[in-house]
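Down below is the structure, laid out as structure tokens.
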Amino acid sequence: MNIFTYTEMILPYFYLISGMALIAVGLGLFRFGQRKNIVYARLHILGVMDVVCMLVILFLGNPVAILAALAHFFLMPFAVHSISWADLKEAEADV
């Protein structure tokens, strides 16, 4: 057996573990109530899990998945900035 066969054998398990971790993070986000700056805490933990899953795809994925992961990895900061900016402007409008 060569290295590619081993990679193909363990790849589904990495995807399964990553998917279960994302589901756990998603469910864990609902346990927080509405508090000040909770949006930033939620974005932080989602960003951490997102980067971990992207690294799994980068190191173990096929070329098309790698391109999608790289595009997502570089576009993610723009989306997070937009969400944070909208939350900040909404908080300023309430004051």
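The values are calculated or read from the model by the stated rules, or taken from the named source; none is laboratory data. Please read these numbers as outputs of a predicted model, since none were measured by experiment. Positions of Cβ are generated from backbone atoms using ideal geometry, with glycine treated the same way; all protein chains shown enter the neighbour counts.
Looking only at the range 13-21, decide whether some residue is surrounded by 15 or more Cβ atoms within 10 Å (Cβ to Cβ), in contact with a Leu (Cβ under 9 Å, 6 or more places away or on another chain) and either charged (D, E, K, R) or part of a helix (DSSP H, G or I) (or both).
yes
Could you please give the count of residues in the range 31-46 that are among the aromatic types (Phe, Trp, Tyr) and either touching an Asp or Glu at 6+ places or on another chain (Cβ under 7 Å) or modelled with pLDDT of 75 or more (or both)?
Adding up the residues that qualify gives 1.
Restricting attention to the range 27-51, which residues are free of Cβ contacts under 8 Å to residues at least 12 places away in the same chain and assigned to a helix (DSSP H, G or I)?
27, 38, 41, 44, 48
Select, from 27, 16, 22, the only residue that is of a type in the set (A, V, I, L, M), within 30 Å of residue 91 (Cβ to Cβ), modelled with pLDDT of 75 or more and out of contact with any helix residue (DSSP H, G or I) (no Cβ under 7 Å at 6 or more places or on another chain).
27
Given 70, 43, 88, 58, which one is in contact with a helix residue (DSSP H, G or I) (Cβ under 8 Å, 6 or more places away or on another chain) and over 30 Å from residue 7 (Cβ atoms)?
None of the other options fit; the residue is 43.
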